[in-house]
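Novice: Input: one structure, supplied below.
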Amino acid sequence: MATQALESPPQSPFERMGGHDVIRRITDRFYDLMDEEPAYAKLRAMHAVDLGPMRESLPSFLAGWAGGPRDWWEANPGKCMMSAHGGLGIDRETAEQWVEAMNRAIADATPADAEIAERMGEALERMALGMVRA
Ligand code: HEM
């Protein structure tokens, strides 16, 4: 009903995805794939041996990026993700590995709302390809 729509604020993508639990499932699966699959070896080699810090950092970033709690921004004032990646010499091949592993991880995590999950995958793809410098 129209009055109900006025009373309840629209859900954020973070909420529609299933909140922290689903985001954590996605990022854990993403780093498992990166760690285990030879297809992502070049991407894996760019990262530190210990993926523990990334397993905390990426879900925190994605939560705020999707309209949820902004802990990552509070911990990293003024930090821009695009600029932070600008000096890493990311090439098309590694960006495509990132995108493929992320899309697989999103699918495997079976988010509650498939439409928002697909749009999140598309937006992350644009961000990743925008990081290509080499
Ligand atoms: C385009 C392909 C990408 C490559 C090759 C790449 C690579 C990297 C590398 C090498 C690091 C440092 C990791 C370490 O020291 O172990 C890093 C950090 C990080 N990346 Fe990426 N990345 C890519 C795309 C993205 C995208 C699209 C996002 C966001 C949606 C993202 C989010 C992060 C975060 C949150 C960190 C940790 C930085 C921090 O919290 O301060 N990356 N990335």
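Novice: Would a scan of segment 118-134 turn up a residue that is more than 9 Å from the ligand (Cβ to nearest atom) and surrounded by 17 or more Cβ atoms within 10 Å (Cβ to Cβ)?
Specialist: Yes.
Novice: Starting from segment 84-102, keep only residues that are of a type in the set (K, R), then list their pairs with residues that are surrounded by fewer than 21 Cβ atoms within 10 Å (Cβ to Cβ) and part of a loop (DSSP other than H, G, I, E, B) whose Cβ atoms are within a distance under 6 Å, requiring at least 6 positions of separation or different chains.
Specialist: From segment 84-102, the pairs are R92/V132.
Novice: Just checking, how many residues over segment 69-97 are outside any helix (DSSP H, G or I) and either touching a Pro at 6+ places or on another chain (Cβ under 8 Å) or open to solvent by 80 Å² or more (accessible area, probe 1.4 Å) (or both)? Reasoning before the result, please.
Specialist: Initial filter on segment 69-97 (outside any helix (DSSP H, G or I)): 69-70, 76-80, 87-91.
Okay, now just the ones that are also either touching a Pro at 6+ places or on another chain (Cβ under 8 Å) or open to solvent by 80 Å² or more (accessible area, probe 1.4 Å) (or both), so 70, 77-79, 88.
The qualifying residues number 5.
Novice: Within segment 111-134, which residues are among the β-branched types (V, I, T) and over 16 Å from E93 (Cα atoms)?
Specialist: Across segment 111-134, the qualifying residue is only I116.
Novice: Another question, then. With among the charged types (D, E, K, R) and closer than 15 Å to A128 by Cβ as the only criterion, which of E74, E93, E37 stands out?
Specialist: Result of the check over E74, E93, E37: E93.
Novice: Output the number of residues of segment 38-58 satisfying the condition of being hydroxyl-bearing (S, T, Y) and more than 9 Å from the ligand (Cβ to nearest atom).
Specialist: Number satisfying all stated conditions: 1.
Novice: Oh, and also: Can you tell me which of A105, A45 is at pLDDT 95 or above, assigned to a helix (DSSP H, G or I) and open to solvent by less than 60 Å² (accessible area, probe 1.4 Å)?
Specialist: Result of the check over A105, A45: A105.
Novice: Right, here's the next one. Does any residue in segment 118-134 that is more than 16 Å from T27 (Cα to Cα) come within less than 7 Å, Cβ to Cβ, of a residue that is in a helix (DSSP H, G or I) and within 10 Å of the ligand (Cβ to nearest atom) six or more places away or on a different chain, and which pairs are these?
Specialist: Close Cβ pairs satisfying both conditions: L129/A95; G130/M82; M131/M82; M131/H85; M131/A95; V132/R92; V132/A95.
The values are calculated or read from the model by the stated rules, or taken from the named source; none is laboratory data. Owing to the predicted nature of the structure, the values given are computational and were not obtained by experimental measurement. Note that each Cβ is placed from the backbone with ideal geometry, even for glycine, and that neighbours are counted across all protein chains shown. Surface areas here come from the heavy atoms of the whole protein model, side chains and all, with no ligands, DNA or RNA. Shrake-Rupley method; radii C 1.70, N 1.55, O 1.52, S 1.80 Å.
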